[in-house]
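What follows draws every value from the coordinates through simple rules; no lab data is involved. Quick caveat, the model's predicted, so the values are computed rather than measured. All Cβ positions, glycine included, derive from the backbone under ideal geometry; neighbour counts span all protein chains shown.
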Amino acid sequence: MKRCKVCRRKPKLERRLNSEGILFCSDDCYEDFDNSPDDFSHPYIDDYEAVRFEYIEWMKSYEDDLYKYWLFGSPKKTDLIEAIESVVEEF
């Protein structure tokens with residue numbers, strides 16, 4: 001597995017790529033990297049940021065959501081599927 005360009009740690013959930021494909025383990029390392037291109041002028045940066053945020057938030061809570069599915073049955077499964085589809089449709 002590739003390592004963070006700045007600190008050399010293995011990236012986990014909050015990994016990030018810049019527009020050149022350089023891998024970072026976090027927003028902090030991304031901001032600390034010298035000679036990085038100006039990603040904020042890239043035409044798709046807003047979509048990338050939004051999808052990345054949704055993914056991180058979903059990954060933080062999906063186990064609890066699935067556990068609730070087993071307790072309460074099908075309605076929770078339907079809610080999860082609708083939430084995922086809404087993000088997919090938007091982007």
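Using a Cα-Cα cut-off of under 19 Å, which aspartates and glutamates could be cross-linked to Lys12, ignoring same-chain neighbours fewer than 8 residues away?
Lys12 reaches Asp27, Asp28, Glu31, Asp32, Glu49, Glu54, Glu57, Glu63.
Amide H to amide H under 5 Å from Leu23: which residues, 5+ apart in sequence or cross-chain, H placed 1.01 Å off N in plane?
Correct list: Lys5.
What is the extension gain from Glu85 to Tyr62, computed as 0.36 nm multiplied by their sequence separation minus the C-alpha to C-alpha distance, in nm to one decimal?
The span from Glu85 to Tyr62 would gain 6.8 nm if fully extended.
Need one number: nm distance between label points at Lys2 and Arg52, each 7 Å from Cα along Cα→Cβ, rounded to one decimal.
A separation of 1.3 nm, rounded to one decimal place.
Count charges around Leu17 for me, please; just the other residues with Cβ under 11 Å from its Cβ, Lys/Arg as +1, Asp/Glu as -1.
In short, +3.
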